[in-house]
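Please treat every number below as a calculation from the coordinates, not as lab data. Please read all numbers here as calculations on a predicted model, not as lab measurements. Backbone-built Cβ (ideal geometry, glycine too); neighbour counts: all protein chains shown.
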Amino acid sequence: MYIVQIASECAPVIKAGGLGDVVYGLSRELENKGHCVELILPMYDCMRYDHIWGLHDAYLNLWVPWYGAAIHCSVYCGWVHGRLCFFIRPNSQDNFFNRGCYYGCDDDNMRFAFFSKAALQFLQQSNKRPDVIHCHDWQTGLVPVLLYEIYKYHGMEYQRVCYTIHNFKHQGFAGVEVLQATGLNRPEYYFQYDKLRDNFNPFAINMMKGGIVYANAVTTVSPYHAWEAQHTDIGYGLGHTLYLHRDKFQGVLNGIDYEFWNPQRDRYIPSNYSSEDFEQKIYNKKALRDRLQLQQVDKPLVAYIGRLDQQKGVHLVHHAIYHSLARDAQFVLLGAATEKSIHDWFAHEKEFLSTNPDAHIELGFNEELSHLIYAGADIIVVPSNYEPCGLTQIIGLKYGTVPVVRGVGGLVNTVFDWDYDQMHPPEERNGFVFFEQDNYALESALNRAIDVYNLNPDLFQKLAIQGMNYDYSWNHPAQKYIEIYDFIRHPW
């Protein structure tokens, strides 16, 4: 199959969050399975050009219709760690992608509406006819709309679209000006409830809703999150739209890159290990304690790695620190806050605990240190308020670091409670799960993990090794997407 990914990110050249990792990881695995994959991305001025090999001009005379006129674009081509990528650079005074940032501008809706239009214009003008166009999140929600309302009448009638939603919170709201700019026009048509009109604001179009309505297949990043999006407030107002289109909507669990996240070959840790020689993990625990100046004692080491924000259950992260210390465990935190108030809160805790030999708080993000924490910790807590997929717990499992998670989103699909899981036999269980959002629920699960570590170390090691033996690579998700692509091409 010939597949084109259209996205606003691709790691490591453009990475603001997990979206970039998914676009890269899925593309590579699809190629490994014998398919032809190309990516179309914005050419940001601030992207990591040092990760692009052989960047050259590929199509210098692309004219993109815009507001009844046209904007001239240059398209450049290069390889990002083996992936063939096309970068669209508009040559206009709007400077859509010359902002020193990926997101956060007042006109983001227009910037990415233009990108969606330009990507399809490039496919049409360069005579590229992929079997499937796979686009991602609200930034490319207009791609299927434009394809089926405009471009299918200009030689692209056989292209099919898979649309993946990574985060329902950001949906891309806009007014009539986006319809005028992209050439869709006809507001009386697109502002109908069954088209692009936002479910709660009759004066706005919703780009993510447009993607759901017009795409041939719609996915999100875990099966349980797909259920949550339809039946809880996690869908942020799109639950009814997803219900109407439920026959084409499903969750496909993300994978992680085992070339990068693998204790057997990780170059950031002092002692490599696997489930076959698990006892080597202890040397990473010693190295982590030395690096962070924690005391070398026989205690469980609990960790948190990730953003410090409301989505991640920051109040429970805070409580986990002090509850772990009260249970005579050690605690290590590595995270960057998304709000000043949260940063100040944890900066205060960092200072308060600065002389505690059993605690260390590192504010910010450090790639090398994150690998050492995964390898050195015994337990990792992921107490998210919501978590579409979650990579932290999947990486923790691979490193034999037992996860304690809240039962939401992809956490439900990857972590199976040692005591209470009814769906998996004991030899397939791999962690501890709690469901409520209060301190008592967290304490209950964390206590169970610490008790097993202290009272039955052989069982704790068995649990850790069972987690390591799960396969959460891109192999299975990529195969699932191939089945989806095949179905939308040949639905009979």
- Message: Counting only Cα atoms, I'd like the Rg/Rh figure for region 349-416, Kirkwood definition for Rh.
- Response: 1.01
- Query: Taking +1 at the Cβ of each Lys and Arg and -1 at the Cβ of each Asp and Glu, which of Ile373, Asn284, Gly172 sits farthest along the dipole of the chain towards its positive end, judged by Cα position relative to the Cα centre?
  - Reply: Gly172
- Query: In whole Å, what is the distance between the alpha-carbon centres of region 127-177 and region 370-420?
  - Reply: 33 Å
- Charge context of Ser74, other residues only, Cβ under 14 angstrom, K/R +1, D/E -1: -1
- Message: Check which residues have an amide H placed less than 5 Å from Ala58's amide H, if you skip close sequence neighbours.
- Response: Val75, Tyr76, Cys77
- Query: Ile165's amide H: which non-local residues (gap 5+, or another chain) put their own amide H closer than 5 Å, with H modeled 1.01 Å from N in plane and none for Pro or chain starts?
  - Reply: Asp137, Thr219, Thr220
- Evaluate the Kirkwood expression for the hydrodynamic radius of the chain, namely the inverse of the mean inverse distance over all pairs of different C-alpha atoms, and round to one decimal in Å. 23.8 Å
- Query: So what's Rg/Rh here for region 371-487, counting alpha carbon atoms and using the Kirkwood radius for Rh?
  - Reply: 1.00
- Task: Convert each backbone phi in region 366-375 into a coupling constant with the Karplus relation 6.51 cos²θ - 1.76 cosθ + 1.60 (shift: θ = phi - 60°), then list the ³J(HN,Hα) values in order as whole Hz, x for Gly and Pro.
- Result: 9, 4, 4, 5, 4, 5, 5, 5, 4, 6
- Note on the structure: For region 140-148, in residue order, the Karplus 3J(HN,Hα) values (coefficients 6.51, -1.76, 1.60; θ = phi - 60°; whole Hz; Gly and Pro = x) are 10, x, 7, 4, x, 4, 5, 4, 8
- Task: Calculate one ³J(HN,Hα) per residue across region 279-292 by plugging θ = phi - 60° into the Karplus curve 6.51 cos²θ - 1.76 cosθ + 1.60, and present them in order as whole Hz with x for glycine and proline.
- Result: 4, 5, 4, 4, 5, 6, 5, 5, 5, 5, 5, 4, 5, 9
- Relative contact order computed over the chain (Cα-Cα under 8 Å; 6+ residues apart), in percent: 12 percent
- Note on the structure: log10 I(q)/I(0) for region 205-328, Debye formula on C-alpha points only (no solvent), q = 0.12 Å⁻¹, two decimals, reads -0.76
- Stick to Cα atoms and the Kirkwood definition of Rh, then tell me Rg/Rh for region 278-343. 1.03
- What does the convex hull of the alpha-carbon atoms of region 44-179 project to on average, in nm²? 8.7 nm²
- Query: Could you work out the helix-only [θ] at 222 nm for the chain, with each DSSP H run of four or more residues adding -39,500 (n - 2.57) and the total divided by the number of residues, to the nearest 500 deg cm²/dmol?
  - Reply: -11000 deg cm²/dmol
- Message: With unit charges on the beta carbons (Lys and Arg positive, Asp and Glu negative) and the dipole taken about the Cα centre of the chain, which residue among Tyr193, Thr219, Phe434 sits farthest to the positive side?
- Response: Tyr193
- Message: Largest first and in whole Å, what are the equivalent-ellipsoid semi-axes of region 426-474 based on the Cα gyration tensor, each being the root of 5 times an eigenvalue?
- Response: 21, 16, 7
- So what is the orientation-averaged projected area of region 278-468, using the convex hull of its C-alpha atoms, in nm²? 9.6 nm²
